[in-house]
Amino acid sequence: MADSTLRPDLSLVLERITDGFFALDAQWRIAYINAQARKLLHAPVDPIGTFWLDVFPNARGRLFEREYHRAMRDQRPVQFVEYSVTAQLWLEVKAYPSADGLSVYFRDVTPRIEAQREVERTRRRQQALIDFGRSALAGTTYDRMLADAIELLREILEASVVDVYHYDRLAGTFSIVCSAGWDEGVALDPARPPLDHVAAAVRTGEPFVSSDLRIDPRARALAQLERSGVLSCVATVIGTTQAPHGAIVVYHAQTRTFSVGDVRFAQALSQSIAEFSSAMESNRLMTQVLESMADAFVAVDADLCITYVNQRMAEYWAQTQSEMIGLPLSTFTGTLPHGAYVLKQYKEALRDRRPLTFETEHLGRWHETRLYPFGAGVAGYVRDITARKTEQDRVLGLNVELERRVEERTKQLEAANKELESFSYSVSHDLRAPLRAIDGFSQALLEDYGDGFDDRARSYLDRVRRAAQRMADLIDALLKLAKVARTPIGFSNVDISATASAAVAELRDGEPDRTVEVRIEPGLTASGEPHLLHIVLANLLGNAWKFTRHTPHPQVRVGKNGEGEFYVADNGAGFDAAYAHKLFGAFARLHSGDEYEGTGIGLATVARIIHRHGGSLRAEGAIENGATFYFTLPEVET
Amino acid sequence: MSKPYILLVEDNADDIELTQRAFAKNHIANEVVVMRDGAAAAEFLFDENRVRARSMPALILLDLSLPKVSGLELLQKIRANAATKLLPTVILTSSKQEEDLVEGYRLGVNSYVRKPVDFNEFVEAVRQVGLYWLVLNEPPPPAGGGGM
């Protein structure tokens, strides 16, 4: 046979080459096999003469068998690369046919093929990550994203099972969110999954990689996994160890050496999920905020196309949110009579990159729109301010009405004042003339015909004259009171002490024979109309003067008490406190004219002056125990 | 030229009577010409013959509240007319309204006397006015006419 005819030197060469070599005879029996081939293909000690497929049963039905037959049939060499299950290597095979048989050379190209495959896997992993990111960007749900991730892991990492766990940071517990593959030959109780590897990944932040759970010392607690038919796994954290969201665990039913690229792919995918879930969470929060707002919200991009509207905005336009998104803003503003104005505002906010606010009115509703530059576009918040506007209008209307009424009242008041003036004039002029006539002719009667009168007749005429005089006094007092009401108050600083002293001086001049002890606190000041305040003090001091006439040691004091009230106090006749409230009415008198003369108008005048200054007035007293009048005035402004 | 006379412009008959009685009681013998309203008084004062004759009153006693032409209006006319502008004119009235006082003095009245209700006081007031203006006071030289 050919192998036995091989020259020893050739045999020597074939034994030395690093390639595996064997030769088959025409009947497909092993004619020669070198040491390398024997080793790589786990050949029996002496296979010579044995049918080749009995020696290499794994080659049956595979590329090896097909290619060798093709070479013999065509009598042309073949070359191919195929994975040898027996050698567990990638082999590059060259087979040369001849009439006598087939010579087969092969060598281990596993590193090259693995490198090529790794390059291809890397490319696929990268593409997968890009696609995954793209689909997440295009808008997806969290569940959809997880399902996509699981699908990718199953495809790229050829995983049998993929679990996604959620980590509850507060409780420190894991729960399965999403899972796939358990029904395909591996069976694990999903209700009670072993968690050591998941916890390790989350705790350390490093992926937990086990190529063979059977021999992994860390995996003792994972015996359940092994029983489930899982032999290898990778667990990676979603998020960071500081803020873990959960973990992804990839299981294989076979042992598997995970390449760095495999592990990185799982990590990258987990990271993407973490990022997108964070983004989605912020998005969800943002959406919640936007949806819960009372404002209608719209976001537009740089082309003024709607990128988001909240429910309120959609309701306003009687659309759904999704119907509006993507449409140009002008689709909606175009239907408004002031739409061009609104659009211009958006363009301005976009161009100037600054917030702006504007108000619009449409069909009786007022809206306030606030625009904020946002990303490359603009966010608009629209608020119904009809109520506020209506209120504003109402207030404005009220103000106008108020002004009108004030003006009206002022006119009425002016007219009333005019009337009062002419009335006062008539009173002062026309009422006095008859009184003068009464007095004058009574006197004339006395003078011309008095000889015929007895004492009683003379006394009657006296009474007529006194009554006329008293009425004249009353008229003068009333006029003074009316004048007080009409005098405009010009506030200036008034020296109350000096004013009181001046009034006392006048009283002393009027009754030089009387001795009244007067004490005036120095340095009293107030803000008011000097002339009117003089009337106040003259009246109050005049009363004190008058009502101490029958007091043995008359005393009058002027001062200011702790409550900031000015007072004029005397130790005179006083009054019955029960009637204190009657003191300040016109013509009100608590003493008969026989006891103490007076018109009863003085205190009414005082009260009017104090009130016109914005002050208050009160009186304290007791019969035969003196009277004190308290009053307040605006303080001097410093 | 006749004895100096007084022009009393007063519409109230009682006041006229009482004023004349006061003059009498004070022994003021000058003639008192009474005009019952402002219009009549103006007609009297600005009468051409009277102006020519220079027979102007030595004193005008002027009430303010008068029918037709008021006292202040008449005062304004008196002061506006060359023949009467220098005539001693005293407002004798019931009013002591500030406005009347201010306006009276502004229009150039020589004196402003309020009539007291008490007749004795009134008599005293008339006495003093008469004494002052007819005796004590040097009257202005006669104005108007061609006799200068």
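We did not get these values from a lab; they are worked out from the coordinates using the rules stated. Predicted model only: the values in this text are computed from it and were never measured. Note that each Cβ is placed from the backbone with ideal geometry, even for glycine, and that neighbours are counted across all protein chains shown.
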For segment A:115-288, shape from the Cα gyration tensor axes a ≥ b ≥ c, cut at a/c of 1.5 then a/b versus b/c, turns out oblate
Note on segment B:6-136: contact order normalised by length, alpha-carbon pairs under 8 Å, 6 or more apart, percent, works out to 26
Counting only backbone N atoms under 20 Å from a point 7 Å out along Cα-to-Cβ of A:H611, the residues of segment A:409-424 in range are A:409-410, A:412-421, A:424
In whole angstrom, the spacing between the Cα centers of segment A:492-523 and segment A:453-491 equals 26
Measuring from the longest principal axis of the C-alpha atoms of chain A, the long axis of helix A:602-612 (C-alpha) lies at a number of degrees, nearest 10, equal to 20
Going from the fewest other Cβ atoms within 10 Å to the most, one would list A:W317, A:W52 as A:W317, A:W52
Amide H proximity to A:Y308 below 5 Å, modelled H, separation 5+ or other chain, gives A:A299
The rounded separation in angstrom of the Cα centers of segment A:339-371 and segment B:47-104 is 76
Classified through the alpha carbon gyration tensor (a ≥ b ≥ c as square roots of its eigenvalues; rounded if a/c is under 1.5, else prolate when a/b is larger than b/c, else oblate), segment A:293-384 comes out rounded
Calc'd 3J(HN,Hα), segment A:366-381, phi into Karplus 6.51 cos²θ - 1.76 cosθ + 1.60 (θ = phi - 60°), Hz, glycine/Pro = x, comes to 9, 10, 10, 10, 10, 10, 10, x, 8, x, 8, x, 9, 9, x, 10
Most packed first (mean Cβ within 10 Å per residue), the peptides A:54-65, A:568-579 order as A:568-579, A:54-65
Everything considered on the Cα gyration tensor (a ≥ b ≥ c; rounded for a/c under 1.5, else prolate if a/b is larger than b/c, else oblate), segment A:389-480 must be described as prolate
Karplus-derived 3J(HN,Hα) from phi for segment A:435-449 (6.51 cos²θ - 1.76 cosθ + 1.60, θ = phi - 60°), whole Hz, x at Gly and Pro, runs 5, 4, 5, 4, 5, x, 6, 4, 4, 4, 4, 4, 5, 7, 10
Rounded to the nearest 0.05, FRET efficiency between B:A53 and A:I489 (Cβ-Cβ, R0 60 Å) equals 0.60
Here the relative contact order (percent) of chain A, from C-alpha pairs under 8 Å and at least 6 apart, is 6
Note: B:10-16 gets an average of partner chain Cβ contacts (10 Å, Cβ to Cβ) equal to 3
One checks the Cα atoms of segment A:489-631 and finds Rg and Dmax, in Å, of 14.2, 41
Cα extents of the protein assembly as shown along the principal axes, largest first, in whole Å, come to 200, 71, 42
So, relative contact order of segment A:420-564 in percent, Cα under 8 Å, 6 or more apart, is 23
Per-residue Cβ contact counts at 10 Å, fewest first, order A:I520, B:I6 as A:I520, B:I6
At the level of C-alpha centres, the distance separating segment A:11-64 and segment A:302-329, in angstrom, is 75
Here the gain from full extension of B:N110 to B:A29, 0.36 nm per residue of separation minus their alpha-carbon distance, amounts to 26.9 nm
